[in-house]
Amino acid sequence: MDGEALGGTGTPVAPARPHGDKSAVNVLLFALGSHGDVHPFVGIGIRLKQRGHRVAVVANGYFQSLVEHAGLEFVQMGTADEYRRLATDRELWHPIRGPQTVFKHTARYLRLAYDIAAAFARKHPEGAIVASSLAMGARVAQDKLRFPLVTVHLSPSVFQSCYEPANFYPLCFVPRSTPPAAWRVIWRFTNSLADGIVAGRLNALRHEVDLPPVRNICSEYWHSPQLVIALFPKWFAPPLPDWPSQVKLTGFPLYDEPDVSPISDELEAFLQAGEPPVAFTPGSAMWQARKFWDASVGACVKLNRRGLLLTRHRDHLPPRLPPSVLHVHYAPFSQLLPRCAAFVHHGGIGSSAQGLASGVKQIVTPFTHDQPDNAGRLKRLGVARVIQPTEYEPNRLARDLREMIASPRVTRNCRAVKQKFAGVDAIGETCELIEGLPR
């Protein structure tokens, strides 16, 4: 497996530690969420294994083949059918109720996550646990058993600040000029609402294991007091004075399984047969995207441009596609996007990062969760335009694509941002922080 697959374009691979090295440890990675949430942990796991460590990944059964194809041990938490039920829940993509839906579905795994983490800690007292934002059952186990745990956050929107607040629904309607004192009041109210959604189930688990209740879960508790790794660079989201002091930024991980799912022969032939296409995706977890696909195809027709539709759900697409528009189930963005004229997506942090690393112009239509905040950051970098979902229709999309593709200024901005990735090994830096965690 080469360095480009693990670290992104131009990223060197750190030398692997020899097997049997005394510094080798057991590492358990909790990767909860969609493909965009699981990919970073698989990339980290591959590199940790290369460095001589023993690695297991806890994820939903839907991702078992992805984890095992990467040569990592798989620990199931939830079934593939349960993942599909969440992905097909229309509330998941509601601007306001989406995060509540995620917490409702993941709360059922609190005890299971606790048990998996506790069993690992008892068996491997010298090991380390690395947990994603939603793996709060593992966070409870850390409090109970006092083992090393790293929290990994993928996007800056999880950090609450009174200086440059994250832009997500419904807070995106609060003026950015609102003074810090007012934001403190807003955050207290927001956290009380969040605790009303999350704290009941979480504190019930804490009570079961003889721990006192906690509050301010989404502002304080879901950050490990030992170490928090933020998988994005400072130029994308500079750390703010009121972020937790234990936060360390490494950078975008960029792993997208190019070794498992390379560009197909059909897609390669399409790419070579004409001008660079526009690539479209509403995200791997979006299973209600018919309007998005209809508008995307319509814009390609209006522009007389080639289009590439990336989705695992062929039934969501128009029944007949123009000859100039191709559908593929998946392609690694690190290999695909440098060969595209533009990239239209939902603003997920993984898609956003791959677009930045590829130097491709972007159109973002954010639905919920961290997507509005990511979209705003892309726009401020001068590499993207934002179209709200209610305005995502063929005429508007075609106009924005035409202007973006023709813009020399956007071209310069994209090239400048792409250069920021040169020589950066975000996954390697992440592994070093995990290895340096006091035990």
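Bear in mind that the values in this text are calculations on the coordinates, not laboratory data. Owing to the predicted nature of the structure, the values given are computational and were not obtained by experimental measurement. Reconstructed Cβ throughout: ideal geometry from the backbone, glycine too, with neighbour counts over all protein chains shown.
Amide hydrogen proximity for Ile229: with H placed 1.01 Å from N in the peptide plane, the residues at 5 or more positions away or on another chain lying under 5 Å are Thr151, Val152, His153, Lys248.
For the chain, a crude dipole built from +1 on the beta carbon of Lys and Arg and -1 on the beta carbon of Asp and Glu, taken about the Cα centre, is about 920 debye to the nearest 20.
If you count Lys pairs in the range 265-419 whose Cα atoms are under 17 Å apart, skipping same-chain pairs closer than 8 places in sequence, the total is 4.
The phi-based Karplus calculation (6.51 cos²θ - 1.76 cosθ + 1.60; θ = phi - 60°) puts the 3J(HN,Hα) values of the range 428-439 at x, 5, 5, 4, 4, 5, 5, 5, x, 5, x, 10 Hz, whole numbers, x for Gly and Pro. Sequentially through the range 376-391, phi angles give Karplus couplings (6.51, -1.76, 1.60; θ = phi - 60°) of x, 5, 4, 5, 5, 6, x, 10, 8, 10, 10, 10, 5, x, 5, 9 Hz, Gly and Pro residues having no value and appearing as x. Neighbours of His35 by Cβ distance under 13 Å: Lys/Arg scored +1, Asp/Glu scored -1, total -2. Electrostatic tally near Ala182: other residues with Cβ closer than 15 Å to its Cβ, Lys and Arg +1, Asp and Glu -1, net +1. List the aspartates and glutamates whose alpha-carbon lies under 13 Å from that of Lys144, not counting same-chain residues fewer than 8 positions away? By straight Cα distance, Lys144 reaches Asp115, Glu208, Asp210. Shown in residue order for the range 225-232 are the 3J(HN,Hα) couplings computed by the Karplus curve 6.51 cos²θ - 1.76 cosθ + 1.60 at θ = phi - 60°: x, 7, 7, 10, 9, 9, 8, 7 Hz (x for Gly and Pro).
When the chain is described by a simple charge dipole with +1 on each Lys and Arg Cβ and -1 on each Asp and Glu Cβ, the residue from His153, Pro332, Pro366 located farthest towards its positive end is Pro366. Packing-based ranking of 376-382, 46-52, 233-239 yields 46-52, 376-382, 233-239, ordered from highest to lowest mean Cβ neighbour count within 10 Å. Proximity of backbone amide H atoms, modeled 1.01 Å from N, is registered between Leu29 and Ala56, Val57, Val58, Val130 at under 5 Å, excluding neighbours fewer than 5 places apart on the same chain.
When the charge dipole of the chain is built from unit charges on Cβ atoms (+1 for Lys and Arg, -1 for Asp and Glu) and taken about the Cα centre, the candidate among Val102, Phe120, His53 whose Cα reaches farthest toward its positive end is Val102. Other residues within the sphere of radius under 12 Å centred on the Cβ of Pro389, judged by their own Cβ, net out at 0 (K and R +1, D and E -1). When peptides 305-315, 260-270 are ranked by their average number of other Cβ atoms within 10 Å per residue, the highest-first order is 305-315, 260-270.
Counting pairwise Cα distances across the chain, what percent come out greater than 38 angstrom? Cα-Cα pairs in the chain separated by more than 38 Å: 19 percent.
Put simply, the amide H of Ser161, placed in the peptide plane, has neighbours under 5 Å in Ala166, leaving out anything fewer than 5 places away on its chain.
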